[in-house]
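The values are calculated or read from the model by the stated rules, or taken from the named source; none is laboratory data. What you see is a predicted model; the values in this text were computed from it and never measured. When we count neighbours, we look across all protein chains shown, and the Cβ atoms used for this are built from the backbone with ideal geometry, even at glycine. Accessible surface is based on the protein model in full, side chains and every heavy atom, while ligands, DNA and RNA are left aside. Shrake-Rupley method; radii C 1.70, N 1.55, O 1.52, S 1.80 Å.
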Amino acid sequence: MKKIILMLVCLPMFVFACKGSKNVEETTVTPPPSSITKSSFGQTRDSIAVDMYTLKNENGMEVKIITYGGIITNWTAPDKNGKYEDIVLGFDSISGYMRGSPYFGALIGRFGNRIAKGKFSINGQQYTLAGNNMGNHLHGGLKGFDKVVWKAEPMEGKEPALKLTYLSKDMEEGYPGNLNCTVIYTLTADNSVKIDYSATTDKETIVNLTNHSYFNLNANQGTILDHMVTLNSDKYLPVSRTLIPTGELRPVANTPFDFTTPYAVGARINDTTDQQIVFGGGYDHAYILKGDGKLNLAATVVAPSSGRKMEVFTTEPAIQFYSGNFLDGKLTGKNGVKYVKRSGLCLESEHYPDAPNQPAFPSVALKPGETYKTSTVYKFSVVK
Ligand code: GLA
């Protein structure tokens, strides 16, 4: 297997100075350099080669990204004993991803989340998209950005970063305008993964990009019901039976949706006295964030037994908290692990679902001459 190793040269040398009684002794330790390596990950059904890029930082944290769907297949983070283990759901080979993955680790576009009945209008012109989810449009359609092969280019700089680009042609999946998309994944020295999304169009269109990683901070063992979640939000979007927002912004106070203080995912997930828990089959709702364009803290997740902590920062106005309710044990993922119900959780930064049909929601329109730009950061640390 051909491997290209790009060592990132701007690494500082770590100097530890130990003061003796008379002399100052200096020991210079060079940490393992950060790097990007490229390897083959097979090919698609139509024989397009799929590459895998491994980003590694000085601490040993690793993120593997494939050009198919821009999918993060593996992502390690340290536990309270400093052990780096994989904390995302996924498959060992390309066939797993092509055989009907529930968007594990994938880039989602053009429109993350749902559009009612797959219909929307721009300046009086109606567009119809695939009704691929209970009659509604979900996650970009039949062949969304999660199922296309992106162009990849490692970036120069002091941190390992991968630039992915994709041109979605006018009327692809029913969306108007040639949309030029760029997604940059950066692995930083402080154990964060930053995702920068940008897009431009030549005709007015709608855009809502996100990443659909499923996290299990106990190294993909068991469910996420013990994970402690805090959401920086006091309102969420209640939904209909087919998971389309009703338009109401409902306060979370005194409901099972209140994560303004840390709660275990499982503590109230079966509280069927709340109709929204029934409709979502658990948590599958957009929480309202500040959305002032700055990288604000949106969510914190702590797994008490492993001590892993993840913080999510985003410029987006909402975050979909999905507790993996549709996983049912039928998928077998990496290392033969069966993905049982709620074995992973997603925190999808985004604009509001069904925004194209709900004028009161922040706009998702993108016009020629404008640049769509959003950023989300997943930062890892430990709690002892
Ligand atoms: C999103 C949706 C869920 C589900 C998953 C994929 O998070 O909100 O309802 O469709 O994607 O299974």
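Condition check ((1) touching a strand residue (DSSP E or B) at 6+ places or on another chain (Cβ under 7 Å); (2) at pLDDT 95 or above; (3) not acidic (D, E)) across all residues:
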| residue | (1), (2), (3) |
| --- | --- |
| N218 | no, yes, yes |
| V239 | yes, yes, yes |
| P245 | yes, yes, yes |
| E248 | no, yes, no |
| V252 | yes, yes, yes |
| G266 | no, yes, yes |
| I288 | yes, yes, yes |
| A303 | no, yes, yes |
| R308 | yes, yes, yes |
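In the range 277-294, what residues are closer than 17 Å to P362 by Cα and buried (at least 16 other Cβ atoms within 10 Å of the Cβ)?
H285, A286, Y287, I288, L289, G291, listed by residue number.
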Handout entry: Any chance F326 is within 10 Å of the ligand (Cβ to nearest atom), in contact with a His (Cβ under 8 Å, 6 or more places away or on another chain), among the aromatic types (F, W, Y) and modelled with pLDDT of 95 or more
Key = no
Handout entry: Any hit, the range 71-80, residues being modelled with pLDDT of 95 or more, surrounded by fewer than 13 Cβ atoms within 10 Å (Cβ to Cβ) and at negative phi
Key = no
Problem - Those residues of the range 38-70 which are more than 18 Å from Y103 (Cα to Cα), surrounded by 18 or more Cβ atoms within 10 Å (Cβ to Cβ) and among the β-branched types (V, I, T), in sequence order - result: T54
Handout entry: Residues that are in a strand (DSSP E or B) and within 16 Å of the ligand (Cβ to nearest atom), drawn from the range 190-216
Key = N208, T210, N211, F215
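Does G174 meet the test of being of a type outside the set (K, R) and within 16 Å of the ligand (Cβ to nearest atom)? Please lay out each step first, then the result.
Working: of a type outside the set (K, R): yes; within 16 Å of the ligand (Cβ to nearest atom): no.
The answer is no for G174.
Considering only residues that are of a type in the set (G, A, S) and more than 23 Å from Y214 (Cβ to Cβ), which ones fall in the range 227-244? Don't jump to the end; show me each part of the working.
If we filter the range 227-244 for residues that are of a type in the set (G, A, S), which is where we start, we get 233, 240.
The answer is S240, and nothing else.
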Exercise for the section: Could you grab me the full set of residues in the range 167-215 that are of a type in the set (S, T, Y) and open to solvent by 40 Å² or more (accessible area, probe 1.4 Å)? Expected result: T200
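Okay, residues lined up against (1) among the β-branched types (V, I, T); (2) in contact (Cβ under 8 Å) with a residue 40 or more places away in the chain:
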residue: T205; (1), (2): yes, yes
residue: F215; (1), (2): no, yes
residue: V229; (1), (2): yes, yes
residue: I244; (1), (2): yes, yes
residue: E248; (1), (2): no, no
residue: P251; (1), (2): no, no
residue: F257; (1), (2): no, no
residue: T260; (1), (2): yes, no
residue: V265; (1), (2): yes, yes
Handout entry: Those residues of the range 330-384 which are away from the ligand (no atom under 16 Å from the Cβ), open to solvent by 20 Å² or more (accessible area, probe 1.4 Å) and among the hydrophobic types (A, V, I, L, M, F, W, C), in sequence order
Key = V337, A360, A365, V382, V383
